[in-house]
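S.K.: Quick one: the structure is below, questions incoming.
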Amino acid sequence: MLRKSILLLASLLALHTTADADQNDQAPPEAQAAPAPPKPLCTRSEKLEEVAQILADLQHIPPSSELVQTAREQGVDANPVYAKFGVGGEVASFKAWVEDLIETADAPLICGRASSGERVVLVAAVRAGALTPEGTNRLHAEVIEDFRDPYLMVRDPDGASRRVAVDGEAYGSTITLPVEWGRPLFVQLVATGPNGPRPVAERWIGKIPQHTPVQGGSQSPEAWLMQVRRSTGARTVRTNRLLSKEATSHAQHVCDSGKLGHELDPDGDPEARLLKRGIQARVVGEAVARARTMREALHAIEDSPSHRMTVTDPRFTDAGFGEAKDDKGRTCAVILLASWPRKAP
């Protein structure tokens, strides 16, 4: 089965689009330049092949949270992770799916493919950085050239998070995670790329906790934020109409562009976008997520140490909530927060 998976992946990697080379009728064939080798759509990953095989053997299509959990259990640290389900012979459909990911991704893709009977699964992930274990308590963190200002967010078993600096510039940095922090630790590598800061790699240190399915249905973002902030002792925030207007606009931009990020338009980051609307604040923060439902999007924000730290920052006094739907029916959610927002002079 594994050999069949590798052959299917090789077929995918060979798919490419090229322009016809210019022909010179007067030049002999041996003088013409050799055609460039095909450029793969994504780089093969053995670990993602293992993930794809696990998914292919399932009797259901898992939600995104289960997909990510499976990837982390197989040692895949790249983020985000996507999966495409189909049947044998749907080469064009898989190719179009990968090309769409390339169009919206801010870094190169890695991928793996597997099959079970007629079912075929392709798993892809965006590779902008890496968290590589070096022994039991050490991780080497590095990001690709287009990303900058990396740091770690480390969540301990009690739910508390710490920010750890990553030095070393292009060579990355090796960080020791103290034993007294407990285990398991959830580690995020965060860096700023073309679309703003985001988690680029994630890894568990210690035994990975059992996955808890996200319950279906909807949940009010306002009630959710109040609950999450109360759990950390942070003050209650006011719902701000102007912040909600900007959050809704950005949620629609996320859905329309297919990209997850804070800097998707020329206006820049959340602070700059608010200034364009005539609003300034002491501190501005934003959390962005996309999922099948609002509840799953809010769960993704709460489960991410860097996003959770943003929405529970005690300095914020006001919040805006935005929601939109993309052409696949997914929910794009934006939580925009500010400290004492006011009209700009």
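S.K.: Quick check for you: with a 1.4 Å probe and neighbouring chains kept, what is the accessible area per residue of the chain, in Å²?
M.R.: Dividing the accessible area of the chain by its residue count gives 51 Å².
S.K.: With every atom except the alpha carbons ignored, what do you get for Rg and Dmax of segment 171-281, in angstroms?
M.R.: Computed over the Cα atoms of segment 171-281, radius of gyration and Dmax are 18.2, 49 Å.
S.K.: Right, here's the next one. Students often get this wrong, so check it: of 47/207; 207/259; 95/207; 245/328; 259/343, which have C-alpha atoms separated by over 28 Å?
M.R.: Over 28 Å Cα-Cα: 207/259; 95/207; 259/343.
S.K.: If you don't mind, another one. Per the helix-only calculation at 222 nm, which mean residue ellipticity applies to the chain, given -39500 (n - 2.57) for every DSSP H run of n ≥ 4 and division by its residues, nearest 500 deg cm²/dmol?
M.R.: Counting only the DSSP helices, I get -9000 deg cm²/dmol.
S.K.: Looking only at 306, 257, 45, which one moves most when the chain is put into a Gaussian network model with springs between Cα atoms under 10 Å?
M.R.: Ranking 306, 257, 45 by mean-square fluctuation puts 257 first.
S.K.: Another question, if that's okay. What is the Cα coordinate range of segment 272-345 on the first, second and third principal axes, sorted by size from largest, in whole angstrom?
M.R.: 41, 27, 15
S.K.: Still on this model: How would segment 304-345 be classified by its alpha-carbon gyration tensor: rounded, prolate or oblate, with rounded meaning a/c under 1.5 and the a/b versus b/c comparison settling the rest?
M.R.: Since a/c reaches 1.5 but b/c is at least a/b, the shape of segment 304-345 is classed as oblate.
S.K.: For the peptides 95-107, 188-200, 172-184, what is the packing order when you average, over each peptide's residues, the other Cβ atoms within 10 Å and list the highest mean first?
M.R.: Ranked by mean Cβ neighbours within 10 Å, highest first: 188-200, 95-107, 172-184.
S.K.: GNM on the chain, C-alpha springs below 10 Å: top fluctuator among 135, 159, 278?
M.R.: Looking only at 135, 159, 278, the biggest GNM fluctuation is shown by 135.
S.K.: While we're here: Find how many whole Å separate the alpha carbon centroid of segment 127-166 from the alpha carbon centroid of segment 34-61.
M.R.: So the separation of the two Cα centres works out to 25 Å.
S.K.: Taking Cα atoms, how many degrees apart are the long axis of helix 221-232 and the longest axis of the chain, rounded to 10 and kept between 0 and 90?
M.R.: 70
S.K.: If you fit an axis through the alpha-carbon atoms of helix 64-73 and take the longest principal axis of the Cα set of the chain, what angle between them do you get, 0 to 90°, nearest 10?
M.R.: Here the helix axis deviates by roughly 70 degrees.
S.K.: For the chain, find the longest principal axis of its Cα atoms and tell me its angle to the long axis of helix 2-13, 0 to 90°, nearest 10.
M.R.: With rounding to tens, the tilt is 90 degrees.
S.K.: Among (1) 59, 23, 22; (2) 28, 24, 23; (3) 37, 25, 21, which one is semi-axes √(5λ) of the Cα gyration tensor in Å computed from these coordinates?
M.R.: (3)
S.K.: Taking the convex hull of the alpha carbon atoms in segment 204-345, what volume per residue do you get, in Å³?
M.R.: 120
S.K.: Same structure, new question: If you filter segment 112-155 for GluC sites (Glu not before Pro), then keep DSSP loop positions with at most 11 other Cβ within 10 Å, what is left?
M.R.: When the GluC sites (Glu not before Pro) of segment 112-155 are filtered for loop state and at most 11 Cβ neighbours within 10 Å, 118, 134, 145 remain.
S.K.: Sticking with this one: Carbon and sulfur: what percent of the chain's accessible surface (1.4 Å probe)?
M.R.: Here carbon and sulfur together make up 51 percent of the probe-accessible area.
The values are calculated or read from the model by the stated rules, or taken from the named source; none is laboratory data. Model, not experiment: these values are computed from the prediction. Reconstructed Cβ throughout: ideal geometry from the backbone, glycine too, with neighbour counts over all protein chains shown. Side chains are part of the model used for accessible areas, which takes the heavy atoms of the whole protein and leaves out ligands, DNA and RNA. Shrake-Rupley method; radii C 1.70, N 1.55, O 1.52, S 1.80 Å.
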